[in-house]
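A short write-up of the structure that comes next.
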Amino acid sequence: MVVQGSLDNELLYENLKYELGYQRSFQPISDRLKNMQEIDLNYAYLKSQKDKLIQERQDHLNDLFAKHPNSFFTKYKKAGQNPLLADSGGPDGTSDQARVARYRSRFWDKMDFSDIRLLYTPVVTNKLKRYITRLTPQHPDSINKASDYLIQKALNYPEYFKFFANWIALNYEPSKTTFMDKEAVYVHMIQNYFTHERAFWSDSTLVSALQQRAGEMASSLVGKKGPDVVSRDINGQTRSIYDIKSPYIIVYMYNPSCEHCIEETPKLIQFYHEWKNKGVEVFGIAIDTDDTEWRDYVAKSGMPWTNVFDPTNRSIYGKYYVDITPEIYVLNPERTIIAKNLQVHHLAEVINQDRMEYR
């Protein structure tokens, strides 16, 4: 490839040629080291050869960057560079967790957020995906903390802020992930960044709708106190979740005409009979139905637990978020939500695991 009149393309192909030769030398050594132990006679030699190649590659890039500091290729290539592991460690004895945390904190140091052209290359998306999904533990608190750290870097660069906020929110949007408490990350992103003051890319109506949805989810996140629901049962008596004395409560929200509910209800009935004497109770809440359909369903299915229905929805609105039915939440003895978005076959494992931790 011969390029004329475009320094960036000239540098691109010069570097591609170098990288091809580098990989031909580097990969065989790396592959051999993977199958060797440090006590092997050739290990030290091969390790030194590998380190030498890595340093030569870094010198090549540093020379390219120094000669062409203002080229777009330099910005692009710098942005794609990861921190060196040697730079991410501390003194001897530094834990792997601490090294990863330091590595993650330096991951974006060479990204030029003032240049929006980088957003049109693969480098930003690839780094963002790796940063959020691979370098960050897939737990809501960790993801939220990592997201805040990155977005604080981008707040003064509107297009980057917009891209990061939307990418993270969409990737943890409840209908697009199997993450256990998927709503926790989504709620955090919407409530903090999709506000009328910050979400310049959205109109006021959409922002209000997003905030309302996030607010409905926020009250029933894993780790929060399960909201009480006070409503009337089949006999017209007022029943409350918090009146139940059993250590574990399954909050089961269903719709009589829902096909998945029709499949799961018999399974839950069987589970209930097996676990009722082990400290488990069920509180059933019918939604999106009418009084006649509800009563017929309770009688036909033979649900043996407390079942309530509020045709006004006032007693259940804003309590437990329901994306699709059936929706199952599990409350522990402290009435903390320990799991949600479950199927019946998950319940035994969830309760047994919590019992071990509760002890």
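The values are calculated or read from the model by the stated rules, or taken from the named source; none is laboratory data. Please read all numbers here as calculations on a predicted model, not as lab measurements. Here the Cβ is made from the backbone with ideal geometry for all residues, glycine too, and neighbour counts use every protein chain on show.
Between Y76, Y43, Y22, which is closer than 28 Å to Y149 by Cα and out of contact with any Phe, Trp or Tyr (no Cβ under 9 Å at 6 or more places or on another chain)?
Numbers: Y43 fails: closer than 28 Å to Y149 by Cα; Y22 fails: closer than 28 Å to Y149 by Cα.
Only one candidate passes the filter, namely Y76.
If you go through segment 205-231 one residue at a time, how many are touching a Leu at 6+ places or on another chain (Cβ under 9 Å) and surrounded by 18 or more Cβ atoms within 10 Å (Cβ to Cβ)? Walk me through it before giving the result.
Initial filter on segment 205-231 (touching a Leu at 6+ places or on another chain (Cβ under 9 Å)): 225-226.
Subsequent filtering for residues that are surrounded by 18 or more Cβ atoms within 10 Å (Cβ to Cβ) retains 226.
Residues meeting the conditions: 1.
If you take the residues in segment 106-147 that are surrounded by fewer than 19 Cβ atoms within 10 Å (Cβ to Cβ) and of a type in the set (G, A, S), which one is farthest from V187 (Cα to Cα)?
Per the stated criteria, the residue is S114.
Within segment 315-359, can you find the residues that are out of contact with any Asp or Glu (no Cβ under 6 Å at 6 or more places or on another chain), among the aromatic types (F, W, Y) and assigned to a loop (DSSP other than H, G, I, E, B)?
Listed by number, the residues that qualify are Y317, Y320.
Taking only pairs six or more apart or across chains, which ones have beta-carbon atoms under 8 Å, a first residue in segment 150-171 that is surrounded by fewer than 18 Cβ atoms within 10 Å (Cβ to Cβ), and a second residue that is among the basic types (K, R) and modelled with pLDDT under 95?
Close Cβ pairs (under 8 Å, with a partner that is among the basic types (K, R) and modelled with pLDDT under 95) amount to L170/K176.
At least 1 residues that are in contact with a Gly (Cβ under 8 Å, 6 or more places away or on another chain) in each: list the helices (runs of 4 or more DSSP H) lying fully within segment 147-235 that qualify. Walk me through how you get there before you give the answer.
Details: elements: 158-171, 182-193, 204-218.
Answer list for segment 147-235: 182-193, 204-218.
Out of all the residues in segment 284-314, which are part of a strand (DSSP E or B) and of a type outside the set (A, V, I, L, M)?
Initial filter on segment 284-314 (part of a strand (DSSP E or B)): 284-286, 306-309.
Those that are part of a strand (DSSP E or B) and of a type outside the set (A, V, I, L, M): G284, T306, N307, F309.
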